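**Q** A single structure is presented below for examination.
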Amino acid sequence: MAMQLNKQLPLPADLKAEYPLSREITGVKARRDAEIRDIFTGRSDKFVVIVGPCSADNEDAVCDYVSRLASLNDRLSDRLMLIPRIYTNKPRTTGEGYKGMLHQPEPDKAPDLLAGIIAIRRMHTRAIMESGLTSADEMLYPENRSYLDDLLSYEAVGARSVENQQHRLTASGMDIPVGMKNPTSGDFVVTLNSVFAAQHPHNFIYRGCDVTTGGNDLAHVILRGGVDKYGTTIPNYHYEDLVRLMEMYGERSLQNPAVIVDVNHSNSNKQYKEQIRIVSEVLHSRNYNPDLKKLVKGVMIESYLEEGCQKIGGTHIYGKSITDPCLGWADTEKLLYKIAENC
């Protein structure tokens, strides 16, 4: 085989034993998970905002960002459920480029997966300790989520992974909300099929074990826009798109219909400032149609301390994205207040 075995990585249980959680952190997660569940089941009308950098590349900058979110949370928590976006592994369209802290704890150095899994667990733990906010990450590698499953309150399955069987079946064994993004084609049917699969029980192989899952009633749709066969970006956050998704939900026997709108990626064509306008349109659609207000549970925003993005290496600007461009903190703070006023 054209594969070289570098080293045996620790089992998730062993890593958790080496880097355990305090009773305080466990309690914070339990409370946050219950509050988030109430939103997705309709018991609470708080609006979810999953917000943070495109990629969590630097522990100090990420924890700085999350602590700022915590200060806002103290003032906005009566209307908003703020979930920090701490994405530690990144899908790459061609396989090239920075794959996230899991692969490269230091972005300008060679991959080190052992150091990476330790780094991401320590960063997520520190973020909770310093902010009291549990976070969201992307389930890029289903078998790796076991290193963080006692820390996360939300997970997303990306556009390139949503048709993958292992992602769907693993999502069916999770007890927190899992957002299934529409594929890069933008196909709603594929997305809803993924939600259906995730909401039902399955028997499969996971980390070398024969497992059975009970189904995840909080699996739901994330709309992130699509690209047609000519490479043209097609957004799907408009009123007509939301109504069409609502009608398609109504044709299926799915629990807790919900959608989160990702206002960057193909919805903004990666024009990061457009996120502000798109959020306003989503809120207008919700307020215009009471049924959409129940369906659209929140938005996902890419934001960091400094706006825009930068290349890896050279003079590094603290808190500026090294992958997709993000809103800066000043715009983010204004936007969160605006969402709280209008959601």
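A short reminder: the numbers here are calculations on the coordinates, not readings from a lab. These figures come from a predicted structure and were not determined experimentally. Cβ atoms come from the backbone with ideal geometry, glycine included; neighbour counts cover every protein chain shown.
**Q** Determine the sum of side-chain charges near TYR337: Lys and Arg each +1, Asp and Glu each -1, restricted to other residues whose C-beta is under 12 angstrom from that of TYR337. Don't jump to the answer; show the numbers that get you there.
**A** Values: positive: ARG75, ARG79, LYS334, LYS338; negative: ASP331, GLU333, GLU341.
Cβ neighbours under 12 Å give a net charge of +1.
**Q** Would you please give the residues with an amide H less than 5 Å from that of ILE234, counting only those at least 5 places away or on a separate chain, with H modeled from the backbone geometry?
**A** So ILE234 has HN proximity to GLY226, VAL227, ASP228.
**Q** Another question about this same structure. What's the extension gain from VAL243 to ASP228 if we count 0.36 nm per residue and subtract their Cα-Cα distance?
**A** Result: 3.3 nm gained on full extension.
**Q** Scan around GLY100 for amide H atoms under 5 Å from its own, H built in the peptide plane at 1.01 Å from N, and keep only partners 5 or more places away or cross-chain.
**A** Correct list: LYS90.
**Q** What is the packing order of peptides 113-119, 154-160, 251-257, taking the mean over residues of other C-beta atoms within 10 Å and listing the highest first?
**A** Values: 113-119: 18.1, 154-160: 23.4, 251-257: 14.4.
Going from most to least packed, we get 154-160, 113-119, 251-257.
**Q** I've got another one for you. Can you put THR232, THR41 in order, fewest other beta carbons within 10 Å first? Could you put the intermediate results ahead of the total?
**A** Numbers: THR232 10, THR41 13.
With the sparsest Cβ surroundings first, the list reads THR232, THR41.
**Q** Using DSSP to define loop residues, name the chymotrypsin sites (Phe, Trp or Tyr not before Pro) in the range 280-343 whose beta-carbon has at most 14 other beta-carbon atoms within 10 Å. All intermediate terms of the calculation are to be shown ahead of the outcome.
**A** On the way: sites: TYR288, TYR304, TYR318, TRP329, TYR337; in loops: TYR304, TYR318.
Passing sites in the range 280-343 are TYR318.
**Q** Using the Cα centre of the chain as the reference point, and only Cβ charges (+1 on K/R, -1 on D/E), how large is the resulting charge dipole? Debye, rounded to the nearest 20.
**A** Approximately 120 debye in magnitude.
**Q** Per residue of the range 98-108, what does 6.51 cos²θ - 1.76 cosθ + 1.60 with θ = phi - 60° give for ³J(HN,Hα)? Whole Hz please, x for Gly and Pro, Karplus curve as stated.
**A** Ordered by residue, 3J(HN,Hα) equals 5, 9, x, 4, 3, 7, 10, x, 10, x, 9 Hz.
**Q** Related question: Determine ³J(HN,Hα), in whole Hz, for all residues of the range 109-118 in sequence, where each value follows from phi through the Karplus function 6.51 cos²θ - 1.76 cosθ + 1.60 and θ = phi - 60°; x replaces Gly and Pro.
**A** 10, 5, x, 8, 5, 5, 4, x, 5, 5
**Q** Now for a different question. Apply the Karplus curve 6.51 cos²θ - 1.76 cosθ + 1.60, θ = phi - 60°, to the phi angles in the range 30-42 and return the couplings in whole Hz, x for Gly and Pro.
**A** 4, 5, 5, 4, 5, 5, 5, 4, 4, 5, 6, 8, x
**Q** Oh, and also: Which residues' amide hydrogens lie under 5 Å from the amide hydrogen of ILE83, considering only partners 5 or more residues apart or on another chain, with H built in the peptide plane?
**A** It is VAL49, ILE50, VAL51, by chain and number.
**Q** Something else: Between THR212 and ARG160, 0.36 nm times their residue separation minus their Cα-Cα distance comes to what?
**A** Between THR212 and ARG160, full extension yields an extra 16.2 nm.
**Q** What is the gain in length, in nm to one decimal, between SER77 and THR93 on full extension, counting 0.36 nm per residue of separation less the C-alpha to C-alpha distance? Walk me through the intermediate numbers first.
**A** Details: separation 16, 0.36 × 16 = 5.76 nm, distance 3.63 nm.
So the chain would gain 2.1 nm between SER77 and THR93.
**Q** If you don't mind, there's one more thing I want to ask. Order of VAL259, VAL190 from fewest to most other C-beta atoms within 10 Å?
**A** Details: VAL259 24, VAL190 16.
With the fewest neighbours first, VAL259, VAL190 line up as VAL190, VAL259.
**Q** While we're on this one: Rounded to the nearest 0.05, what FRET efficiency do ASP45 and MET3 have when you use their Cβ-Cβ distance and R0 = 56 Å?
**A** For R0 = 56 Å, the calculated efficiency reads 0.65.
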